[in-house]
Amino acid sequence: MFFSRTEDYIQRFLLQRNIHKPYDLTIKNIASSLDIPVYYWEYSSECVNVNERCLIFLNSNRSEQKQWQEFGHEIAHFLWHTGRQEFLPPTFIELQEWQANYFSYHLCIPTFMLQRIKTKITPKYVMNLFNVEYEFACKRLEMYRNKWLASI
């Protein structure tokens with residue numbers, strides 16, 4: 001199976017940070033490798049640039065799994081997008097949000113790690129292994145299976 005540019009990017013990104021296994025995939029490991037502080041608050045999650053420094057705010061009322069998924073989304077904005085969305089046309093904001101969501105699925109459950117699994121891959125197994133919500137695991141596995149089917 002071939003890797004998309006996003007999958008290649010994420011694999012290189014993680015391996016450069018010595019993140020090889022699902023238990024290495026943590027907010028702390030990734031944020032510290034990028035020198036990005038993460039704050040928890042009661043509002044919606046977001047990535048903010050203050051004096052050319054990235055800060056990530058995560059909703060403290062969310063589950064650990066949801067925070068991890070939202071962190072993946074916000075890191076995509078930091079790595080791939082510049083500027084402030086309030087100055088962008090709505091269709092461009094839509095594109096950025098789609099890209100960040102797509103990135104999140106691949107960061108939270110990287111393809112190269114999925115390929116290493118030797119047991120039967122089920123949504124519940126992936127949910128527990130990668131510390132994500134059940135629906136997130138289902139969607140990611142659907143993406144993975146669709147890609148695999150397209151390559152045969």
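The values are calculated or read from the model by the stated rules, or taken from the named source; none is laboratory data. Because the structure is a prediction, the values reported are computed rather than measured. Here the Cβ positions follow ideal geometry from the backbone for every residue, glycine too, while neighbour counts run over all protein chains shown. Side chains included, ligands, DNA and RNA excluded: accessible areas come from the protein's heavy atoms. Shrake-Rupley method; radii C 1.70, N 1.55, O 1.52, S 1.80 Å.
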Probe 1.4 Å - accessible area at C47, Å² to nearest ten:
40 Å²
In segment 107-136, which trypsin sites (Lys or Arg not before Pro) are in a loop and have at most 12 other Cβ atoms within 10 Å, using DSSP for the loop call?
R116, K118, K120
Fraction of antiparallel bridges per DSSP, the chain only, in percent to nearest 5:
55 percent
Loop GluC sites (Glu not before Pro), segment 1-52, which have at most 14 other Cβ atoms in a 10 Å radius of their Cβ (DSSP):
E42, E52
Determine the gain in length on full extension of the stretch L15-F3; use 0.36 nm per residue of separation and subtract their C-alpha separation, reporting nm with one decimal.
2.8 nm
Mind grabbing the accessible area of T91 for me, 1.4 Å probe, Å², rounded to tens?
110 Å²
Quick one: grab the alpha carbon gyration tensor of segment 1-128, order the square roots of its eigenvalues as a ≥ b ≥ c, and give me rounded if a/c is under 1.5, else prolate or oblate depending on whether a/b is larger than b/c.
prolate
Straight-distance crosslink candidates among lysines, where the alpha carbon sits under 21 Å from K28 and sequence neighbours closer than 8 are dropped:
K66
Given the whole protein assembly as supplied and a 1.4 Å probe, what does the accessible area of M143 come to in Å², nearest 10?
40 Å²
10 Å Cβ shell holding at most 14 others, DSSP loop, chymotrypsin sites (Phe, Trp or Tyr not before Pro): longest site-free stretch of the chain:
44-152
Cut-off 11 Å (backbone N to label point 7 Å along Cα→Cβ of N61), residues of segment 6-44
42-44
Under a GNM of the chain (C-alpha, springs under 10 Å), which listed residue has the highest mean-square fluctuation: N101, N61, N131?
N61
